[in-house]
1. Considering each of Pro81, Pro108 in turn, give the residue that is in the same structural domain as Thr19 (by TED's automatic domain parsing) and modelled with pLDDT under 90.
2. Listed residues Arg163, Arg176; which is on the phi < 0 side of the Ramachandran plot and either at pLDDT 75 or above or among the acidic types (Asp, Glu) (or both)?
3. Tell me the residue from Ala208, Ala148 that is small (Gly, Ala, Ser), outside any loop (DSSP other than H, G, I, E, B) and modelled with pLDDT under 90, please.
4. For residues in the range 39-83 being aliphatic (A, V, I, L, M) and more than 22 Å from Trp4 (Cα to Cα), which is surrounded by the most Cβ atoms within 10 Å (Cβ to Cβ)?
5. Which members of the range 99-132 meet the condition of being free of Cβ contacts under 8 Å to residues at least 60 places away in the same chain and surrounded by 15 or more Cβ atoms within 10 Å (Cβ to Cβ)?
6. Return the residue satisfying two criteria in turn: it lies in the range 161-189 and is part of a helix (DSSP H, G or I) and touching a residue at least 24 places away in the same chain (Cβ under 8 Å), and of such residues it is surrounded by the fewest Cβ atoms within 10 Å (Cβ to Cβ).
7. Please work out which residue is surrounded by the most Cβ atoms within 10 Å (Cβ to Cβ), limiting yourself to the range 13-38 and to residues that are more than 13 Å from Val74 (Cα to Cα) and in contact with a Ser or Thr (Cβ under 8 Å, 6 or more places away or on another chain).
8. Kindly list the number of the only condition in (1) modelled with pLDDT of 85 or more; (2) charged (D, E, K, R); (3) within 16 Å of Gly96 (Cβ to Cβ) that fails for Asp29.
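The values are calculated or read from the model by the stated rules, or taken from the named source; none is laboratory data. As the structure is a computational prediction, the values presented were derived from the model and not from experiment. Counting neighbours? That spans all protein chains shown, and the Cβs are built from the backbone with ideal geometry, glycine included.
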Amino acid sequence: MQLWFARGSEVSIREQLVTQVVLGILSDDLAPGRRLPSTRELARRFRLHPNTVSAGYRQLERERWVEFRRGSGVYVRANKPEAARSGALALDRMIGGLFASARKLGIPLPDLRARLRQWMEMQPPDHFLLIEPDEELRRILASEIERAASFRVLSCGIEDCARREDGGIPVALPNRVAKVRELLPAETELLTLQVRSVPTSLGEWLPAPSGALVGVASRWAEFLKVARTVLTAAGFHPDSLVLRDAREANWHRGLKQTAAVVCDSVTATELPAGCRAIPFSLLSESSIAELRRYAEFVSLPLVP
């Protein structure tokens, strides 16, 4: 098996050695029982520090790819470890095979890199990128988007979005759109998330039942404030509302004694058993429909 090492790479020499040996074993270039070059031999041939080679071999032994035989050397184990079935290793094997085939065909590395970059740019996004500075609100919105559209969601703050190059579909609330557009490239499409009307969503629970004790719980402070305002305006007496900030310790106290708990979609999953949850979804039906259309569209297979 031929080895090569890229000095100055972000990937350490040790990891380069480990990865190449693992790929060699997975592709059967390194058969069970095959003896690997000694630490001294590899260090001398590639001008590596012996400690680097030794550390790589020890990692391979810990992960059960190789075994040390006293007085004899390092050998490929008879059986591949369970980790050989992991998705990451399968991907490494596929990529390694691509580069090996390119070398056999005499394709220059810059040409291969350019072609890969072109193919990467052609691929549709595989997730939404939620841009929102409030961490708790991000968590709630991400949960609702994933549940509604069955599509992966990553998130970041506004200042971080300009540094993201992960190819996601940017989404943001209306009050964030202007700032986000300033930071994103001009040609980037940005989806605006519309928020559901609070009075409309709570309409089926109104008017307020006389004497009912109602809980309001959320990790998002604005949710607590808006819910209290709306419920008070709808006829609930302020003293009948049990407000709980889910970021605080013992926030569950007293909620089992309420008739129901108005909460966001994330807090609804964290309520104690026996609590009747009234989860309030922040996203409007129109936004949910738009997110689903995008997820379905980008999931369509590419036509050759």
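1. Pro81
2. Step by step, each of Arg163, Arg176 is checked, and only Arg176 is on the phi < 0 side of the Ramachandran plot and either at pLDDT 75 or above or among the acidic types (Asp, Glu) (or both).
3. Ala148
4. Ala83
5. Passing the criteria: Ala102, Leu112, His127, Leu129, Leu130, Ile131, Glu132.
6. Leu183
7. Ranking the qualifying residues of the range 13-38, first place goes to Leu17.
8. (1) is the only condition that Asp29 fails.
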